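*Asks:* Just passing along the structure, written as structure tokens.
The values are calculated or read from the model by the stated rules, or taken from the named source; none is laboratory data. Bear in mind that the values here come from a model prediction, so they are computed numbers and not experimental data. We work out accessible area using only protein heavy atoms, side chains counted, and drop any ligands, DNA or RNA first. Shrake-Rupley method; radii C 1.70, N 1.55, O 1.52, S 1.80 Å.
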Amino acid sequence: MSGAAVTRAAASRRAAAAAGLVAVAAVALLLVAGRGSGRLELTASFDQVHGLVEGAEVKSGGFVIGKVRDIALGRDGRPEVRLEVDEDVAPRRTATADVRLFSVAGEVNRYVDLTAGSGPPLRDGDRIAPARTDAPVEIDQLLSTLDPATRADVRGLLH
């Protein structure tokens, strides 16, 4: 084979290899794009969400699985919390969402604890009703249930 023929054959092999790489990259891109975002968006309706903020963690079994995307008042006047969670977690129809405290040392240190539940899996856009959500009792709520004399006693203990 002449030098020109070897050069053309090598160029042809490089072109075929490049085309193969482009094809593999295109298939990989289609597979990744076809899998969706890998995230599931749910809305949980609570009676109250004191101290919960946008960007707060969503946990399940102690592991971070997502975050709070948005908090807004729903049509019924209750706070609605839009959650973005890993699709792999697959919460089910009886899933519960509870606002939890990281510690008792602060007001704005809350997260959402999502339990998986049972039944068919929730789909993107599904809602978790107020009956399946909960939040911690605030100290002022607790104190308001006491009679005035007991409140004064508690106040004396706290000061």
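*Asks:* Over the stretch 36-107, what percent of the accessible surface lies on carbon and sulfur atoms, probe 1.4 Å? It would help to have the intermediate numbers written out before the result.
*Replies:* Numbers: 1820 of 3890 Å².
The computed percentage sits at 47.
*Asks:* Here's a follow-up. Whose amide H sits under 5 Å from the amide H of Gly74, counting only residues 5 or more places off or on another chain, with H placed in the peptide plane?
*Replies:* Residues meeting the amide H criterion: Glu80.
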